[in-house]
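Written out below as structure tokens is the structure these notes cover.
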Amino acid sequence: MTDETPTNGPDAAVNHNEADPAETAAADGTFDPTEALKAENADLRDKFLRLAAEMDNLRRRTERDVKDAKAYAVTAFARDMLGVSDNLRRALDAIPADQRAAAESGLNALIEGVDMTERSMLTALERHGVRKLEPEGQKFDPNFHQAMFEIPNPDVPNNTVVQVVQAGYTIGDRVLRPAMVGVAKGGAKAEAQPSEPGTASINEGDA
């Protein structure tokens, strides 16, 4: 026969303490496992979203760095080649027009060869994003132009570029070499124009 008589005394206290603490706490309202899991899940979700945002920013920054590296990797080389092009142009400009017209076939071939070399070099630079600035007639912009002197000219607005001493070039959206220019002085006030001057194909004009 089973003794179902309730146990009194110390043994009763021991049996009571062996109950599940979580169930006891939940019954008392002091601890809820479901709410704890929800809080942990929200924390993990927040960490995941932050990590995803950081990874997206890293991806965008890497893409931008790679694009800039491709666009501007030849900057120093292009600047050096512009110096070579300038020397070729000076050599051509040093030959008077009458002497060029009366030159023998051998000299003419040499002149044409130098001219073709200059144009070929500028065309190659253009394929790599180098563009020639065409500032003449535009408002002087210190971001793209370097003023060498002023020319009194009341017929054009003040600070208008009226002469280009040395051609300027850009690579991508950066200045590779500012244009050295002469600006008008004494005319009317120049109207506002876009800050970036127009560009032209670099093989359409001489440096």
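The values are calculated or read from the model by the stated rules, or taken from the named source; none is laboratory data. Computed from a predicted model, the values in this text were never measured in an experiment. FYI the Cβ positions are ideal-geometry reconstructions off the backbone, even for glycines, and counts take in every protein chain you see. Just the protein is used for accessible areas: all its heavy atoms, side chains included, with ligands, DNA and RNA removed. Shrake-Rupley method; radii C 1.70, N 1.55, O 1.52, S 1.80 Å.
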Options L122, L88, L176: the member that is open to solvent by less than 50 Å² (accessible area, probe 1.4 Å), of a type outside the set (S, T, Y), assigned to a strand (DSSP E or B) and at pLDDT 90 or above: L176
From the options A78, A73, A36, residue that is out of contact with any Gly (no Cβ under 8 Å at 6 or more places or on another chain), at pLDDT 80 or above, farther than 30 Å from G129 by Cβ and not basic (K, R): A36
Of all residues making up segment 126-162, the number that are closer than 30 Å to K70 by Cβ, open to solvent by less than 50 Å² (accessible area, probe 1.4 Å) and not in a loop (DSSP other than H, G, I, E, B): 5
